[in-house]
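Novice: Take a look at the following structure, please.
The values are calculated or read from the model by the stated rules, or taken from the named source; none is laboratory data. Just so it is clear, the structure is predicted and the values come from calculations on it, not from any experiment. Cβ atoms come from the backbone with ideal geometry, glycine included; neighbour counts cover every protein chain shown. Heads up: the accessible areas ignore ligands, DNA and RNA and are worked out on the full protein's heavy atoms, side chains in. Shrake-Rupley method; radii C 1.70, N 1.55, O 1.52, S 1.80 Å.
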Amino acid sequence: MPPATPPDHPTRDAGFGIYLHWPFCAAKCPYCDFNSHVRHAGVDQPRYLAAFRREIAHAAALTPGRTVTSIFLGGGTPSLMAPETVAGLLDAVAGAWAIAPDTEVTLEANPTSVEATRFRGYRSAGVNRVSLGVQALDDSDLKRLGRLHSVAEAMAAVRTAAAHFERFSFDLIYARPDQRPDAWAAELRRAIDHAAEHLSLYQLTIEPGTPFFGLAQAGRLVPPDDDSSRALYDVTQEICEAAGLPAYEISNHARPGAQSSHNLLYWRYGEYAGIGPGAHGRLVLPQGRTGTLTEKAPEGWLARVEREGHGIVETEALSAEDQGDEFLMMGLRLAEGIDPARYAALKGRALDAGRLDALVEDGLVARRADGRIAVTARGAPVLNAVVAELAG
């Protein structure tokens, strides 16, 4: 029997990714609203691995004929997994779908869980890229952010990653309380000195339900105001651009050719299976593009998978309106922008020419020579407003 042909869709050529969510952390950071959990009694990794294998098999049955182009192990802290667990996950993916020869396989790691022997094991398992959650190069701010590592430990982790992987990245958070542009500039230059090819640089956001939110409400934590945050953003762009790591997406900077394939798949509105507790997915099924969400609570997800073969608790058929808006919101984060024809194919109608002309005239959006449209440097800080105007 010939292999199944995936359903046709305007974003079919944007790639097919696998996101594997390992939800466990050594500690919960006070700014974090991700689906992450602390289990001091330990985690039964063989049992969870068996459940991941079942959910991978279920996802593969929904998506025959796909070729995987990127795999991302996120969390939580995937580097708390034994290398044997990571190998089991990647073997299950390889047994379920065809794997492209140049597939990027990224694992998120915290500096406190970095060991040379563990990293050698991940490399042997098939991981070819590591993303380190450094978050700050200032010891006092690391403590304030609830991180368990020091700057010295972070730099040691970066050296360990560089010794075992040709491709690695690390994250930093800026717009921290009391942070000055000159201090951030010095920190960023130090980071660039150690970052071979890629940096993810995120502005601190105060999310409801987090300890930081409660502190901010009580006036005990004061993030930078809009003008200060904008100054820090501008410093970020200037220094990274001058160092040869321009932004390819609002929060991600890379040397040419070193962009994260998995990041690009998301922003280009590709298809991906979300596997593990609380994982989101976007699958192109016979009925159209569909959003999926799995059970968030790890033990609840585990029980559901063992009972039903998967942990999916929400399935939503996305309307043309939904797809067009999502494509716009994701794609305009990219420096390369979007193809208006692809937007029209998803949404069922073209972008409003009058609205687009007005944004171009205001210098917030640019028409490129290849026909794509992209947000300008002036428009990037007000991206949400630009998207709302174009989607209206």
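Novice: Hey, what did the chain get for relative contact order, percent, Cα under 8 Å, at least 6 apart?
Specialist: Relative contact order, the chain: 17 percent.
Novice: Another question about this same structure. Leaving out same-chain residues fewer than 8 places away, which lysines sit with a Cα under 18 Å from that of K296?
Specialist: K28
Novice: Using 0.36 nm per residue, how much length does the chain from S124 to A50 gain when fully extended, once their Cα-Cα distance is taken away?
Specialist: 24.6 nm
Novice: Quick one: Karplus J couplings for region 161-171, per residue in order, coefficients 6.51, -1.76, 1.60, θ = phi - 60°, nearest Hz, x for Gly and Pro?
Specialist: 4, 5, 6, 10, 9, 5, 10, 8, 9, 9, 9
Novice: Can you tell me which aspartates and glutamates have their Cα less than 20 Å from the Cα of K143? Leave out same-chain residues fewer than eight positions away.
Specialist: Reachable aspartates and glutamates: D33, E153, D171, D178, E187, E207.
Novice: Once you've got the GNM for the chain with C-alpha springs shorter than 10 Å, pick whichever of P211, P101, P78 has the biggest mean-square fluctuation.
Specialist: Of the options given, P101 has the highest mean-square fluctuation.
Novice: Once each part is reduced to its C-alpha centroid, what is the distance from region 324-373 to region 82-100 in angstrom?
Specialist: Rounded to whole Å, the Cα centres lie 37 Å apart.
Novice: Which of these values of P(r) over Cα pairs in 20 Å bins from 0, in percent was calculated from the structure shown: [x] 26, 59, 14, 0; [y] 23, 36, 22, 15, 4, 0; [z] 24, 50, 24, 2?
Specialist: Evaluating P(r) over Cα pairs in 20 Å bins from 0, in percent on these atoms matches [x].
Novice: Related question: Let's test this: bin the Cα-Cα distances of region 1-137 at 10 Å from zero up to the farthest pair and state each bin's percent.
Specialist: Per 10 Å bin, starting at zero, the Cα-Cα P(r) for region 1-137 comes out as 11, 40, 32, 14, 3, 0 percent.
Novice: Quick one: among H194, H149, H40, which has the greatest mean-square fluctuation in a GNM of the chain with alpha-carbon springs under 10 angstrom?
Specialist: H40
Novice: Of all DSSP beta bridges in the chain, what percent run antiparallel (nearest 5)?
Specialist: Taking every DSSP beta bridge with both residues in the chain, the antiparallel ones total about 40 percent.
Novice: Now for a different question. Of the accessible area of the chain, with the probe set at 1.4 angstrom, what percent is carbon plus sulfur?
Specialist: Ligands and nucleic acids excluded, carbon and sulfur give 52 percent.
Novice: Calculate the spin-label point distance for R255 paired with R180, positioning each point 7 Å from the Cα along the beta-carbon direction, and give it in nanometres.
Specialist: 3.2
Novice: Between R12 and A82, what is the label-point separation in nm under the 7 Å Cα-to-beta-carbon projection?
Specialist: For the pair A82/R12, the computed spacing is 4.3 nm.
Novice: Sticking with this one: Using the basic label-point model (7 angstrom from Cα toward the beta carbon), what is the R349 to R220 distance in nanometres?
Specialist: 5.0
Novice: Project the alpha carbons of region 315-379 onto their principal axes and report the range along each, largest first, in whole Å.
Specialist: Computed over the Cα atoms, the extents are 38, 21, 20 Å.
Novice: Name the residue, out of E153, E271, E55, whose mean-square fluctuation peaks in a Gaussian network model built on the chain with Cα pairs under 10 Å.
Specialist: Comparing E153, E271, E55 in a Gaussian network model of the chain, the most mobile one is E153.
Novice: Given a 1.4 Å probe, how much area per residue of the chain is accessible, in Å²?
Specialist: Heavy-atom accessible area per residue stands at 44 Å².
Novice: Give the calculated FRET efficiency between A366 and A41 to the nearest 0.05, with a Förster radius of 51 Å applied to their Cβ-Cβ distance.
Specialist: 0.40
Novice: Additional query: Using Cα-Cα distances under 8 Å and only pairs 6 or more residues apart, what relative contact order does region 239-355 have, in percent? List each step's numbers first, then the result.
Specialist: Working: 164 pairs, mean separation 23.4, N = 117.
Over region 239-355, the number comes to 20 percent.
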